[in-house]
Amino acid sequence: MANKEVRVLGAWPSPFVMRARIALNIKKLDYEFLQEQLGSKSELLLKSNPVHKKIPVLIHGDKPICESLVIVQYVDEVWSSGPSILPSDPYDRAIARFWAAYIDDKWFPSLSGIPRAQGEEAKMAAIQQVRDGLELLEDAFVKCSKGKPFFGGDSIGYLDIAFGCFLGWLRVTEKSNGVKLLDETKTPNLAKWAVRFCSDVAVKDVMPDTDKLAEFAKVLFAKFRAPPPSN
Amino acid sequence: MASHGVVLLNSWVSMFGMRVMIALKEKGVEYEYREENLTDKSQLLLEMNPIHKKIPVLIHNGKPVCESLIIVQYIDEVWNEKYPLLPSDPYQRAQARFWADYVDQKLYGALRKVLFTKGEEQEEAKEFVDVLKVLEGALGEMPYFGGEKFGYVDIALVTFYCWFYAYETLGGLNIEAECPKLIAWAKRCMERESVSKSLADPHKVYDFAVGLRKKFGVD
């Protein structure tokens, strides 16, 4: 369906890269997925994103677009005949953008804070922060979905993408720390939504397998002594 | 709530709040301005922005919109009959969003470091100037970011201009010497009424910054 060449520079474990791929899948677009190697940055990446030198980058024809949420909005606007990703109402858009910013600025850093926490007390505090955030997102889900299956309504939208991309890393964190974060008793709507999201046709082929991701996390920690990607 | 149901909760010194003021003025939107005391936040603010408890908050017909760039996009989309703030071409829009996000990611943090830490001012000053130089590069030879028309990225960045005097005085720097094109751009923006009426007086900002430094024990 793509009139011009569409390429994504990325890596399969990155939740930010996943956002771009889900958006392209929603629009049923073919694209070439060029994977970066851990620990090194390709010439193409450095040329396409000289400011941040980070993935994902969408290259449409010869034009690079950087920053995952900027990419998602770009895909939505260029391929406007496909299913809509952003809500149509300006207020709903503002709410979706607000929660996406919350997830990037506060929630995902709190998730990354769990493996970084030094000592039991700090770990418990970090875990509580993530759980508190999930309760806020549970409320947001109820308000945004208005009784429908996704934040975006009948089908996956901007906020589903912005949040759902982290489900793989959420599960890895649960497993490696022996703790339940997404709890169906505390956040029942989110728990059900998570299952729906992961099985959606636009998501299931790009959501990494939890065990595979856990293995990757071990390699990442060993190589860089650092927790999950924080771009 | 008066003024056609548009209220802005703000603090006069916030470069983020100024962005919203510029956008509202560009669109000719009448609104009620409410100054918040950030050391004693109003019930309304806590109710309208319970997650972050921060200004600016735009309240439109009783419903809150938070986060300055989100508010600016909201204003652009609701009052869409005149003066579009974002370009119409999707690629240009993506570029605008990228650069506005860059300002948020890099500039505020760098500015805070210089103003509110003591000791490594020289290093922090360099980081701040480096960010400004990248932005100057993005501006290139154009009158405004993105081209001939004043828009989204200009709004995102120009509000920092009234903080430059405080920064230069406290950080020991001459920004115009380092980034002359950027200063020329800022002065060009100041010729617009929406900007000159929204930006705070740099000397008052400086006094405020000095006060904050004393409060946090920096000086």
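Averaged over peptide A:66-73, the number of partner chain Cβ atoms lying within 10 Å of each residue's Cβ comes to 4. For the pair region A:36-84 / region B:170-219, the C-alpha centres are spaced 34 Å from each other. Note on chain A: helix-only mean residue ellipticity at 222 nm, from DSSP H runs of 4+ residues weighted -39500 (n - 2.57) and normalised by residue number, equals -16500 deg cm²/dmol.
The amide H of B:S42, built 1.01 Å from its N in the peptide plane, has B:N37 as neighbours under 5 Å, considering only residues 5 or more places off or on other chains.
Spin-label model, A:V51 to B:K215: label points 7 Å out along the Cα-to-beta-carbon direction sit 3.2 nm apart.
For region A:100-116, the residues whose amide N sits under 20 Å from a probe point set 7 Å from the Cα of B:K41 along the beta carbon direction are A:100-110. Evaluated at q = 0.09 Å⁻¹, the base-10 log of the normalised Debye intensity for the protein assembly as shown, with identical point scatterers placed on the Cα atoms, takes the values -0.62. Of B:L157, B:L46, B:L115, the residue with the greatest mean-square motion in the GNM of chain B, using alpha carbon springs below 10 Å, is B:L46.
Applying the Karplus relation 6.51 cos²θ - 1.76 cosθ + 1.60 with θ = phi - 60° to region A:143-157 yields 3J(HN,Hα) values of 5, 6, 6, 6, x, 8, x, 10, 3, x, x, 5, 10, 4, x Hz, where x marks Gly and Pro. Exposure proxy ranking for A:F197, A:F151, B:F208, based on other Cβ atoms within 10 angstrom of each Cβ and starting from the fewest, stands as B:F208, A:F197, A:F151. Per residue of A:93-103, other chain Cβ atoms within 10 Å of the residue Cβ number 5 on average. For chain B, rounded, prolate or oblate, judged on the Cα gyration tensor with a ≥ b ≥ c (square roots of eigenvalues), a/c < 1.5 rounded, else prolate if a/b > b/c? Because a/c hits 1.5 or more and a/b fails to exceed b/c, chain B counts as oblate. Charged neighbours of B:Y165, selected by a Cβ distance under 13 Å, balance to -3 (K, R count +1; D, E count -1).
Using C-alpha pairs under 8 Å with a sequence gap of at least 6, the mean separation divided by the residue count of chain B gives a relative contact order of 21 percent.
Using a Gaussian network for chain B with springs between C-alpha atoms less than 10 Å apart, which of these wobbles most: B:S42, B:S88, B:S196? Residue with maximal mean-square fluctuation among B:S42, B:S88, B:S196: B:S88.
Overall, region A:12-51 carries a charge dipole of about 200 debye about its Cα centre when +1 sits on the Cβ of Lys and Arg and -1 on the Cβ of Asp and Glu, all other atoms neutral. Toward the positive end of the charge dipole of region B:48-182, with +1 on the Cβ of Lys and Arg and -1 on the Cβ of Asp and Glu, the farthest Cα among B:L139, B:A166, B:Q73 is that of B:Q73. Take each residue in B:54-61, count the other chain C-beta atoms within 10 Å of its C-beta, and the mean is 1. Pairwise Cα distances in chain A exceed 22 Å in 52 percent of cases. Given A:F108, A:S145, A:L213, which one lies farthest toward the positive end of the charge dipole of chain A, if we put +1 on the Cβ of every Lys and Arg and -1 on the Cβ of every Asp and Glu? Value computed over the given set: A:L213. Springs between alpha-carbon pairs under 10 angstrom, Gaussian network model over chain A: which of A:F16, A:F163, A:F221 fluctuates most? Comparing A:F16, A:F163, A:F221 in a Gaussian network model of chain A, the most mobile one is A:F221. Of all beta bridges DSSP finds with both residues in chain A, what is the antiparallel percent, to the nearest 5? Once the DSSP bridges in chain A are tallied, antiparallel ones form about 70 percent. With contacts taken as Cα pairs under 8 Å and at least 6 residues apart, chain A reaches a relative contact order of 20 percent.
Each reported figure results from applying straightforward, stated rules to the coordinates on display, with no laboratory input. Predicted, not measured: the structure shown is a model, and the values here were computed from it. FYI the Cβ positions are ideal-geometry reconstructions off the backbone, even for glycines, and counts take in every protein chain you see.
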